[in-house]
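Undergrad: Below you will find the structure I want to go over with you.
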Amino acid sequence: MGRKGTAAVAALTALAALAGGAAGCTVRPAGAGGEHGPPVRIEVPSRTPAAPSSGSPSRAPDGSGGGRNGGDGGNGGKSSPPSSTPAPRVLWSPGDSGRDIRELQARLRQVAWIFHGPTGTYDDLTAEAVRGFQGKRGLPRTGVTDSVTWQRLLGMTREPGRWELYLMGGQPADEPDARCRTGRVLCISKTSRTLRWMIDGRTVSTMPVRFGSEYTPTREGVFHVYWKSRHHVSTLYDSPMPYAMFFSGGQAVHFSADFAARGYAGASHGCVNVRDEEAIARLYEQVRDGDKVVVHW
């Protein structure tokens, strides 16, 4: 091979070396003396290496998925939407009744959303008061008492006392005094503020009653009905005392319109007031002169 042929082979060899780095080619030099076979052979691979699938999520060095938030890739790289705030728990709603409803009503009365005394029944007036309270505080006006409404009301009010809960009556009666267990007895408890009409130890009827103030207290002890006056009017205070049953001086059991209207927010002048006119009308018909009256704590 002449000088020119040698130079051509060298050039092709260099070119093949460069191409082999980029395209996988190889160079095979000619045989000894250069007389056999082609001086250069370039081998081209039959196919190029496959690229990684674009659909496969990339993996972080720690093996976790390469989602937007570094998650496991199970949701396609999208973050989960935040969970909605759960609705507050409903505590009481229209139709419910009991001591808790009395407390709700008493607290609403403290903030002037209810003006009548607690009844212990979640009625329409109570639902309307709750709606008004909720709307004033920017809460949903549902009319039902949920945990958020109740906590707001607790923060604005104080614990109601017993006679706030039973402002208009409805309280349970105490056990009858031992002196009430025989005969015909008007058994009157100052502790529970109730009157039991009893015959031979059996309770016939029970009703809430009110007593005199500390300045005009109702006397305690054992007495007897000595006079009944259906349409009595007090000569001392010039006030009606219907269905009066006198048992000690000028003190009597009788109906009181003031007690019916104001409940335990007021007091008598020493008499035993009854607020339920129908109940005392029935009692008046049953009680006789000489029946026993027991006023006790």
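Undergrad: Within segment 264-297, can you find the residues that are assigned to a strand (DSSP E or B) and in contact with an Asp or Glu (Cβ under 6 Å, 6 or more places away or on another chain)? If you could, list the steps in order and put the result at the bottom.
TA: Of all residues in segment 264-297, those assigned to a strand (DSSP E or B) come to 268, 272-274, 292-296.
294, 295, 296, listed by residue number.
Undergrad: Among the residues of segment 87-129, count how many are in a helix (DSSP H, G or I) and of a type in the set (A, V, I, L, M, F, W, C).
TA: So the first thing to find is which residues in segment 87-129 are in a helix (DSSP H, G or I), and the list is 99-110, 124-129.
Within this subset, residues satisfying the condition of being of a type in the set (A, V, I, L, M, F, W, C) are 101, 104, 106, 108, 125, 127, 129.
Residues in segment 87-129 being in a helix (DSSP H, G or I) and of a type in the set (A, V, I, L, M, F, W, C): 7 in total.
Yes/no matrix, rows are residues, columns are (1) out of contact with any Ser or Thr (no Cβ under 7 Å at 6 or more places or on another chain); (2) farther than 21 Å from residue 271 by Cβ; (3) modelled with pLDDT under 95; (4) among the charged types (D, E, K, R):
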residue	(1), (2), (3), (4)
141	yes, yes, no, yes
158	yes, yes, no, yes
164	yes, yes, no, yes
185	yes, no, no, no
198	yes, no, no, no
203	yes, yes, no, no
210	no, no, no, yes
228	yes, no, no, yes
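Undergrad: I need the full set of residues from segment 99-130 which are crowded, with 18+ Cβ neighbours inside 10 Å and of a type outside the set (A, V, I, L, M, F, W, C), in order please.
TA: Correct list: 102, 103, 105, 107, 109, 117, 118, 119, 120, 122, 126.
Undergrad: Quick check on segment 84-93. Is at least one of its residues among the polar types (S, T, N, Q), surrounded by 11 or more Cβ atoms within 10 Å (Cβ to Cβ), modelled with pLDDT of 90 or more and touching a Pro at 6+ places or on another chain (Cβ under 8 Å)? Break it down into steps so the answer makes sense when it comes.
TA: Restricting attention to segment 84-93, the residues satisfying the condition of being among the polar types (S, T, N, Q) are 84-85, 93.
Narrowing the set further to residues that are surrounded by 11 or more Cβ atoms within 10 Å (Cβ to Cβ) leaves 93.
With modelled with pLDDT of 90 or more added as a condition, the list becomes 93.
Imposing the further condition that a residue be touching a Pro at 6+ places or on another chain (Cβ under 8 Å) reduces the set to none.
No: segment 84-93 contains no residue that is among the polar types (S, T, N, Q), surrounded by 11 or more Cβ atoms within 10 Å (Cβ to Cβ), modelled with pLDDT of 90 or more and touching a Pro at 6+ places or on another chain (Cβ under 8 Å).
A quick yes/no check of all residues on (1) under 20 Å from residue 289 (Cβ atoms); (2) crowded, with 16+ Cβ neighbours inside 10 Å; (3) in contact with a Leu (Cβ under 9 Å, 6 or more places away or on another chain):
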residue: 235; (1), (2), (3): no, no, no
residue: 241; (1), (2), (3): yes, yes, no
residue: 244; (1), (2), (3): yes, yes, no
residue: 250; (1), (2), (3): yes, no, yes
residue: 261; (1), (2), (3): no, no, no
residue: 266; (1), (2), (3): no, no, no
residue: 269; (1), (2), (3): no, yes, yes
residue: 272; (1), (2), (3): yes, yes, yes
residue: 276; (1), (2), (3): no, yes, no
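Undergrad: In segment 138-213, which strands (runs of 3 or more DSSP E) lie fully inside it and hold 1 or more residues that are open to solvent by 20 Å² or more (accessible area, probe 1.4 Å), touching a residue at least 24 places away in the same chain (Cβ under 8 Å) and over 29 Å from residue 87 (Cβ atoms)? Explain how you work it out, then say what you get.
TA: On the way: elements: 184-189, 194-199, 202-210.
Those strands (runs of 3 or more DSSP E) span 184-189, 202-210.
Undergrad: Still on this model: Pull out all pairs, ordered by first then second residue, where Cβ-Cβ is under 9 Å, the residues are six or more apart or on different chains, the first lies in segment 273-297 and is closer than 18 Å to residue 221 by Cα, and the second is part of a helix (DSSP H, G or I) and open to solvent by 40 Å² or more (accessible area, probe 1.4 Å).
TA: Partner pairs satisfying both residue conditions: 273/258; 292/179; 294/179; 296/179.
The values are calculated or read from the model by the stated rules, or taken from the named source; none is laboratory data. Keep in mind that this is a model prediction, so the values were computed, not measured. Glycine gets a Cβ as well: all are built from the backbone with ideal geometry, and neighbour counts include every protein chain shown. Note: areas computed on protein heavy atoms with side chains; ligands, DNA, RNA excluded. Shrake-Rupley method; radii C 1.70, N 1.55, O 1.52, S 1.80 Å.
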